[in-house]
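Asker: Quick one: the structure is below, and I'll ask about it shortly.
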């Protein structure tokens, strides 16, 4: 199933804006959330085709939110790509163990991210 609806979960307005512009200009319909809690709720209500999840956020962090989304029967089929400044291999491994389908480090390489999204779809 091709990906058309993407939920961006990031507490940084700058990152949300950058990712929104990148994805809308590539033909994706974009929704945003600025907390992990809001990301989990919007995953349930909007049923996006993909979630781009930041890790470092106040409250529910991206690892926790990813685990909730990928383990909940209502949202477990929604793929999550972690999109974070955390670049250690242990972070990547931990993120994948939470259920993420891929892991991208910031600053985001636009072509690389779009290629990863297409590969999931």
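Asker: Can you put 49, 112, 91 in order of Cβ neighbours within 10 angstrom, beginning with the fewest?
Answerer: 112, 91, 49
Asker: Among 5, 92, rank each residue by its count of other Cβ atoms within 10 Å, from fewest to most, as a rough exposure measure.
Answerer: The fewest-first ordering by Cβ neighbours comes to 5, 92.
Asker: On to the next question. Taking the inverse of the average 1/r across all pairs of different Cα atoms in the stretch 46-105, what Kirkwood radius in Å do you get?
Answerer: 11.3 Å
Asker: Hey, what number do you get for the chain at 222 nm if only DSSP H runs of n ≥ 4 count, each worth -39500 (n - 2.57), divided across all residues, to the nearest 500?
Answerer: One gets -13500 deg cm²/dmol as the mean residue ellipticity at 222 nm.
Asker: As a footprinting exposure proxy, order 15, 37, 21 by other Cβ within 10 Å, with the fewest listed first.
Answerer: Ascending Cβ contact count within 10 Å gives the list 21, 37, 15.
Asker: Additional query: Using a Gaussian network for the chain with springs between C-alpha atoms less than 10 Å apart, which of these wobbles most: 90, 66, 105?
Answerer: 90
Asker: Could you tell me what a quarter of the Cα convex hull surface of the stretch 71-121 works out to, in nm² with one decimal place?
Answerer: Convex hull of Cα atoms, orientation-averaged projection: 3.7 nm².
Asker: Per the Kirkwood definition applied to all pairs of different Cα atoms, how many angstroms is the hydrodynamic radius of the chain?
Answerer: Here the Kirkwood hydrodynamic radius works out to 13.8 Å.
Here, each number is a calculation from the coordinates, and none is a lab measurement. Predicted model, so just to flag it, every value in this text is computed and none were measured. Ideal geometry is used to build each Cβ from the backbone, glycine not excepted, and the neighbour counts take in all protein chains shown.
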